[in-house]
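S.K.: Take a look at this one; I'll ask things after.
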Amino acid sequence: MNDELQHHARGCYSACSDIKLWNRQAEAALLSAEKISSLSTALFNMPDQTARLRESWKKVLFNQFHDIMAGSAIEAAYTDAQHDLGYAMSEAKDIQTEGLQGIVMNVNTADTAFKNSIPFMVFNPCSWAVKTYIHVEMERSDGKTSPVLYNSDGKEVSYQEVRTAGAKVRWRVSGIFEAEIPAFGYEIFRMDFSNKKNPVKSEAKVQVTENSLENEFVKIEFDRQTGGISSYFDKKNQRELLSKPGAIPVVLNDPAIPGA
């Protein structure tokens, strides 16, 4: 079948997008919290959080009722839903933090080779290894040195220093780096303030013009009049991926079912 599978109420997949976002964030937060809490309870006899998790899940599941999730409930329903899902996310954060603290207290992060360093741990609650970008922020030990980042093997890790959460806060350092964290595991990293970080020169990997974006993989061109994508060229395979302009906005008249 080539046409719309459900012509009625197509807007329910995008209407009131906030409720869909909060629901997904709450689901992910509770799942992560449950995994971390279960590990800390099983390994280090931390308090069991089943009752708190159950009450939080009840609020998430209640707000998955089809009219609420679809964005077709009354306005007041979304105020209640925001509070319920916010409660669930807050509880999840507290439970996960308590579980992580229980694990961290049982891990030796000391390293005599890096006496003037600040260690930190990165956890992965997934059942598979995750390679991703990690953002860390902390105070500079001397208020001015750009530290060197090391992994648990004592090898230097390249990172990009970025703006701190607070503007012009020179006594703090904030950086982003790439790392792979094992499944249901953690990695220890440390910011070492003994020596200043050597500046790393990097070339821009993305070329930007008024109506195009290009990297080593693709070149995307935009129509100046519509804002749509006029070309999506695969440089590796040397072929155009669009047979006609893409990402063109479409407005649909969806009056729903008469009398509904």
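S.K.: Could you check how many residues of region 38-74 are in a loop (DSSP other than H, G, I, E, B) and over 25 Å from the mean Cα position of the chain (by Cα)?
M.R.: Qualifying residue count, region 38-74: 8.
S.K.: Considering only region 201-253, give the strands (runs of 3 or more DSSP E) lying wholly within it that have at least 3 residues that are touching a strand residue (DSSP E or B) at 6+ places or on another chain (Cβ under 6 Å) and surrounded by 12 or more Cβ atoms within 10 Å (Cβ to Cβ).
M.R.: Result: 212-214, 218-222, 229-234.
S.K.: Any idea which residue in region 148-198 is most open to solvent (accessible area, probe 1.4 Å), counting only those that are part of a strand (DSSP E or B) and of a type in the set (Ser, Thr, Tyr)?
M.R.: Tyr186
S.K.: Of the numbered conditions (1) crowded, with 16+ Cβ neighbours inside 10 Å; (2) not in a loop (DSSP other than H, G, I, E, B), Ser141 fails exactly one; give the number of that condition.
M.R.: (2)
S.K.: Can you say whether Lys35 is assigned to a helix (DSSP H, G or I) and either touching a Leu at 6+ places or on another chain (Cβ under 6 Å) or within 23 Å of Ile181 (Cβ to Cβ) (or both), as far as the supplied structure shows?
M.R.: yes
Condition check ((1) over 30 Å from Phe189 (Cβ atoms); (2) surrounded by fewer than 13 Cβ atoms within 10 Å (Cβ to Cβ)) across all residues:
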| site | (1), (2) |
| --- | --- |
| Ala28 | no, no |
| Glu55 | yes, yes |
| Ile68 | yes, no |
| Ala81 | yes, no |
| Met89 | no, no |
| Ile103 | no, no |
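S.K.: Among Ala15, Ala51, which is the only one that is farther than 16 Å from Pro125 by Cβ, open to solvent by less than 80 Å² (accessible area, probe 1.4 Å) and modelled with pLDDT of 95 or more?
M.R.: Of Ala15, Ala51, the one residue that is farther than 16 Å from Pro125 by Cβ, open to solvent by less than 80 Å² (accessible area, probe 1.4 Å) and modelled with pLDDT of 95 or more is Ala51.
S.K.: Determine if region 75-96 includes at least one residue that is of a type outside the set (Val, Ile, Thr), more than 30 Å from Thr50 (Cα to Cα) and either without any contact (Cβ under 8 Å) to a residue 60 or more places away in the chain or in a loop (DSSP other than H, G, I, E, B) (or both).
M.R.: yes
S.K.: Here's another thing I want to ask about it. Out of region 115-156, which residues are hydrophobic (A, V, I, L, M, F, W, C) and farther than 17 Å from Pro182 by Cα?
M.R.: Ile118, Val136, Met138, Val148, Leu149
S.K.: Would you point out which residue out of Phe123, Phe114 is in contact with a strand residue (DSSP E or B) (Cβ under 7 Å, 6 or more places away or on another chain) and in a loop (DSSP other than H, G, I, E, B)?
M.R.: Phe114
S.K.: Please work out if Ser37 is within 24 Å of Cys16 (Cα to Cα), out of contact with any strand residue (DSSP E or B) (no Cβ under 6 Å at 6 or more places or on another chain), touching a residue at least 60 places away in the same chain (Cβ under 8 Å) and of a type in the set (Ser, Thr, Tyr).
M.R.: Criteria not met by Ser37.
The values are calculated or read from the model by the stated rules, or taken from the named source; none is laboratory data. Remember, it's a predicted structure, so these values are computed and weren't measured experimentally. No Cβ is skipped: glycine too gets one built from the backbone with ideal geometry, and neighbour counts run over all protein chains shown. Just the protein is used for accessible areas: all its heavy atoms, side chains included, with ligands, DNA and RNA removed. Shrake-Rupley method; radii C 1.70, N 1.55, O 1.52, S 1.80 Å.
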